[in-house]
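**Q** Sharing a structure here in structure tokens format.
The values are calculated or read from the model by the stated rules, or taken from the named source; none is laboratory data. This structure is a prediction, so every number in the text was calculated from the model and none was measured. Backbone-built Cβ (ideal geometry, glycine too); neighbour counts: all protein chains shown. Accessible surface is based on the protein model in full, side chains and every heavy atom, while ligands, DNA and RNA are left aside. Shrake-Rupley method; radii C 1.70, N 1.55, O 1.52, S 1.80 Å.
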Amino acid sequence: MPLNLTYYGDPVLRTRAEPIEIVTDEVKEVAREMTAWMHEHQGFGLAAPQVGYSWRLFIATLPILLPNGHYQPTNEYFVFINPKLSSPAKETWTRAEACFSLPGIHAHVTRPIAVTVEAMDLEGNTFIKTLEGMAARIVMHENDHINGVLMIDRMPHKERRAIDVQLRKIAKERAAA
Ligand SMILES: [Zn+2]
């Protein structure tokens, strides 16, 4: 079952996704495909609406910080189902983010430096993680996706206006594809 990525302009990216009541074989299959795709593309995170499913599910790695200041995904990807975020840190930090649904775009987004996430895994078990730094940022970016929010909604207005043409181009080209 090949995954079809969705891009800026697709209404599924602007829809508040539905909770997953039962982890069906279809949910497991989609999560498996998403994880495989992430391994292949060395991504940090991918949310179900980005592959056309309006589900409250995303995949994320908890990356390692390299001595050169760059982050690297690990070989481990976690599945978060029906995630609930809480206790965001008061302290924030700003960093450029990228998104598979917005090819070529980088957005400076300010987010809390830490957050707690409670979610369900594919076996139906609930887990809680308190995340910091890039891991927290990834989970917040992906959690935005399942609420129909994109990183461009959180970037400085001036920066957002500067990429208007680029955004329209993505929507136009991808809709025609
Ligand atoms: Zn994204």
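**Q** What is the residue count in segment 26-51 for residues that are outside any helix (DSSP H, G or I) and away from the ligand (no atom under 12 Å from the Cβ)?
**A** Residues flagged as outside any helix (DSSP H, G or I) and away from the ligand (no atom under 12 Å from the Cβ) within segment 26-51 amount to 1.
**Q** Checking the structure you have, find out if any residue of segment 98-115 is more than 12 Å from the ligand (Cβ to nearest atom), under 16 Å from W55 (Cβ atoms), at pLDDT 95 or above and outside any loop (DSSP other than H, G, I, E, B).
**A** no
**Q** For the subset of segment 4-20 comprising residues that are open to solvent by 60 Å² or more (accessible area, probe 1.4 Å) and either among the aromatic types (F, W, Y) or not in a loop (DSSP other than H, G, I, E, B) (or both), which member is nearest to L150 (Cα to Cα)?
**A** The extreme case among them is R14.
**Q** Of everything in segment 75-97, what is more than 16 Å from the ligand (Cβ to nearest atom) and in contact (Cβ under 8 Å) with a residue 60 or more places away in the chain? Give them in sequence order.
**A** Matches in segment 75-97: I81, N82.
**Q** Can you tell which of T126, T92 is in contact with an Asp or Glu (Cβ under 7 Å, 6 or more places away or on another chain), surrounded by fewer than 16 Cβ atoms within 10 Å (Cβ to Cβ) and at pLDDT 95 or above?
**A** The match here is T126.
**Q** When the residues of segment 67-77 are narrowed to those that are touching a strand residue (DSSP E or B) at 6+ places or on another chain (Cβ under 9 Å) and open to solvent by 50 Å² or more (accessible area, probe 1.4 Å), which ends up nearest to E29 (Cα to Cα)?
**A** My answer is E76.
**Q** Another one. Are any residues in segment 41-55 open to solvent by 40 Å² or more (accessible area, probe 1.4 Å), over 17 Å from A119 (Cβ atoms) and modelled with pLDDT of 95 or more, and if so, which ones? Spell out how you get there, then give the answer.
**A** The initial filter retains those residues of segment 41-55 that are open to solvent by 40 Å² or more (accessible area, probe 1.4 Å), namely 41-42, 44, 52-53, 55.
From what is left, the residues that are over 17 Å from A119 (Cβ atoms) are 41-42, 52.
Within segment 41-55, G52 is the sole residue that qualifies.
**Q** Going through segment 1-24 one residue at a time, which ones are touching a residue at least 12 places away in the same chain (Cβ under 8 Å) and polar (S, T, N, Q)?
**A** Those that are touching a residue at least 12 places away in the same chain (Cβ under 8 Å) and polar (S, T, N, Q): N4, T6, T15.
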